[in-house]
1. Relative to the present Cα-Cα distance, how much length would full extension add between A:ASP248 and A:ARG956 at 0.36 nm per residue of separation?
2. How about A:LYS355: which aspartates and glutamates have a C-alpha closer than 18 Å to its C-alpha, ignoring those fewer than 8 places off in the same chain?
3. In straight Cα distance, which lysines are under 18 Å from A:LYS635, not counting same-chain residues fewer than 8 positions off?
4. Express in Å², to the nearest 10, the accessible area of A:GLU851 obtained by rolling a 1.4 Å probe over the protein heavy atoms while all chains stay in place.
5. Based on the Cα atoms of region A:251-332, what semi-axes does the equivalent ellipsoid have, where each is the square root of 5 times one gyration tensor eigenvalue, given in whole Å with the largest first?
6. What value does region A:813-961 have for Rg/Rh, both radii from Cα atoms and Rh as Kirkwood defines it?
7. Which part of region A:290-323 falls in the paramagnetic zone of A:LYS370, meaning amide N under 20 Å from the point 7 Å along Cα-to-beta-carbon?
8. Placing +1 at every Lys and Arg Cβ and -1 at every Asp and Glu Cβ, with all other atoms neutral, what dipole size does region A:813-961 have around its Cα centre, in debye to the nearest 20?
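The values are calculated or read from the model by the stated rules, or taken from the named source; none is laboratory data. In this text the structure is predicted, and so the values were computed from the model without any measurement. No Cβ is skipped: glycine too gets one built from the backbone with ideal geometry, and neighbour counts run over all protein chains shown. The accessibility values were calculated without ligands, DNA or RNA, using every heavy atom of the protein model including side chains. Shrake-Rupley method; radii C 1.70, N 1.55, O 1.52, S 1.80 Å.
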Amino acid sequence: MSLEWRRIEEKWRREWEKDRIFEADPDPKRKKCFVTFPYPYMNGPLHLGHAFTATRIDVYARYKRMRGFNTLFPWAWHWTGEPIVGTALRIQSGDEEIIKALKEIDGVPEEELKKFVDPIYMAKYYTSEGKEAAKEIGFSVDWRREFHTTSLEPAYSRFIEWQYETLRKKGYVVKGTHPVVWCPKCKSPTGDHDRLEGEGVSPEEYTLLKFQCGDAYLPAATFRPETIYGVTNMFLNPDATYVEAIVDDEKWIISKEAAFKLSEQMRKVKILREFKGSELIGKYFVDPISGRNLPILPGWFVDPKSATGVVYSVPAHAPADWIALKDLMNKPEVLRKFGIDLEVIKGIKPISLIKVEGYGDYPAIEIVEKMGVRDQFDPKVDEATSIIYRKEFHTGVLKPITGKYAGKRVRDVKAELIEDFKKMGIADLMYDLPEKVVCRCTTRCIVKILSDQWFLKYSDPEWKKLAHEAVDRAKIFPETARAYFHDKIDWLRDWACARRTGLGTPLPWSPDWIVETLSDSTIYMAFYTIVKHIRKYNIKAEQLTNEVFDHIFLGIGDPDALAKDSGIDASIIREMRDEFTYWYPVDLRVSAKELVPNHLSFFIFQHVALFPQKYWPRAIGVNGMLLIEGKKMSKSKGNFLTLSKTVDEFGADVTRMTLILGAEDMEDPDWRAENAKSIDSKLRSLYRFINEIASMQGEDKPRSIDRWLISVLQGRIKAVSEAIENLKTRTAAEIAFFEVWNDIRWYLRRVDKPNPKTLKKVADVWVRLLAPFTPHVCEEMWRLLKRKGFISVAEWPVYDKEKVDVAAEESEDIIRSLINDTLNIMEATKKTPKRICYYVAADWKWKVYLEILRKALSARVEIRDVMRALMKDQELREKAKKISAYVGKLLPEINVMSEDQKRRRVKAKRIDEEALLNEAKELFEKEFKAEILIYNEDDSKRYDPMNRANLAKPYRPAIYIE
RNA sequence: GCGGGGGUGUCCGAGCGGUCAAAGGAGGCAGGCUUAGGACCUGCUGGCAUAGGCCUGCGCGGGUUCGAAUCCCGCCCCCCGCACCA
């Protein structure tokens, strides 16, 4: 099917390569444009998702190149991280599932697959396949700057070392601790992909409120420490195992599970004894706020696996607490078993502390009754809890009983309150998982605090401020993504930037750590500017000292001195510095929206940390995620499309155009084979059509319709250019491909014989407008049009104001709406006309019309004012009566017109409709297969049996059908 | 839950106060070309209407306005991200 495409595409790819038109070197005389694509991770082939993003970048690059920018689009490969190693291990262990996937989906041949037990081999394989695919789809890449990451590319590794040492010097890399979801059996963090249960669950920080009980504390866990003002009792699970333990320096009573968890959270835990919860039931504890003695009661809903297994009770605001109390009241025999007097329970009065709209003093009681919660084991308890919690958190206001917090909203005061409680020594904290998480190995996970971790200190407010500033200064495509960036910058916490396993660059000051994969891919665009020299001059990694990098990227130090130390020629160091300063900053970086919270934000953070403002990113584009036939692309769903297979099937241009027309902004494009087929046939007919135009001979005098076509083409040029500038690639392609074509269609429908010269002019522009999208076939058509050189570097069509002919455009609108109106009448009357008469408006109507339009431009017009002005004209004065009737009808019409429309019509001035319609007479005859008569409404000799002529208005000739 | 993006005609999508029955594409219909066509070209494609009009309509319910797909309020639904992972 795509045989013909392949021939064309291969030919032009070879030509481009031969002439090196995409290799870009600094040229101080030209404006530069530096675009980048986030290097893809090489644990598999490039797929259509990569292609979508990269095609958008390539379109932009090709456009800028045609606009005369010295444009650099480099490419590299990401090898850093664990999955490549992980996959290699799985292959080694004979994992059928992955072997099948690699064979069938990635298309890896058997004999290659065997070698994949070596992760490096695998990365190399996919890299070389990927490069082939990127070339096949026609990305305009300067391949001299290609590289891959990790210590296997020593110069790159050196670059990462420089980056991290510099960041550390600036205080942006710090040592710290970090809570992770942890499998106690595997003794490693349990990421989402390693879980049987609990996807998406992450550590939550609980506040522990410490209640004195004898010589020990009962640390009750809560998300709502403010409710301590309403505490009435404690709940322990009588059947669960608790321990008395020395935690750090205090004696705590907690569940046995909690003791283990705390021991993993950097606490010294020494268990003194174990006992059943029932032992403490009926005993009393002290509320540290009010000093009251309160009872410990049995609560079977208390889960010893959740946090500390100790729960304090706030029946006014916690449905679970209220219902548990109620359960006890209803079961005196249970109380008796624990030796608790029923009067103790009856004596417990809920204490209200939060005022919340829509509820009385005791929201928990209200909701329990409203929802008909049966008892503490009713699943509805959770729902009730969540409703009350949300409501009180967002809208609740604290009551006077809370002292200094009274009158404030819960949400606004929570953090302050926790701080205060910690200072008072009544609060502590622990991490736990809000839901059950189970590791692949079937072990239940806990939260562990890792120590000695290295972090990028993204929490640093000063750093965040710079990052926000960078976002404010950059163009963000689409604009709506700007808020997204700001939000994510605020939200980012410290990022653990080193790992123990996988491929990558060792942390220079602690080489048993490897720089984490997202953290080593933040400023590598700078490396593109010098990798060329490293290759060309065979510079060794060890020659690239920190001082050399400091000079190249930051301008620090003297090249001559550096040359002596590093052994790199001073001239080469200068060359590298020049190349960096020429290309930097990055003019555009684009990725899918999933990378905004991590990669793209890191990209911004690292740039503002390391580089001066003039080297901060200029523009960032964000796009949606590719769907295949309406579904998310995934290997397991069997709808995974690799780039090379798709290009094989449909050809590069078809693939590019289909992708680009799929979506823009943050919408998710949907790849459908049907669409690709349709684009395929359209591109073929485009080619035929251009061929036809190219072979046309002769030249006719330009008519209004020729001026029209050239004029609307100017609008198309402008629209396409603006769209690409704003990365509205779909809009741009849609206009360049379909709208221009439709314009030409109208032209052809409109004329009996097209003017070859007009069509050739249009084709010449049209092909260039399409070149960024479908470059191969456009090169081919460029030749058909007898043009020399590559269209890829031809001059982008210039919007020419001189060629815009508003009158011609408005004239065409008259013709079109006249045809529509005529058809409408034919439809309504079910008449097939033998004769159609058109009557164009009289001179005086035009005078009045334009006068009112002009007035309406500046203000809303009133009949009185208009009439007064019009009556100054002697000629009009004679028709005063007719005019006032006409104006009365006209005014509402004009007041409803858009400013733009009014301006256009004023600019178009008086249109000679009689001449216009006469010129279009053949068209009308052809369309309606009827005799066409055209008159001025004033024409006394007109044929007008129904007396319709007086209905004529400017822009709207009257119609009579026989 | 938090944050971001969305809900438009048969479908995909543009529009974001008047030019809107609503761009463009797909699908459907009709005609042309052709031995034939799922290939290509052209036109039509909400309903009603014997004169260029009217009615319904842009997730649901209210509101602002001379006028709302477009602005405001409330609600429902869908997609994406939420950290040691590329």
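1. Fully extending the segment from A:ASP248 to A:ARG956 adds 245.8 nm.
2. Partners found: A:GLU226, A:GLU366, A:GLU392, A:ASP412.
3. A:LYS100, A:LYS103, A:LYS645
4. 50 Å²
5. 25, 15, 13
6. In region A:813-961, Rg relative to Rh is 0.99.
7. A:314-323
8. Dipole of region A:813-961, to the nearest 20 debye: 440 debye.
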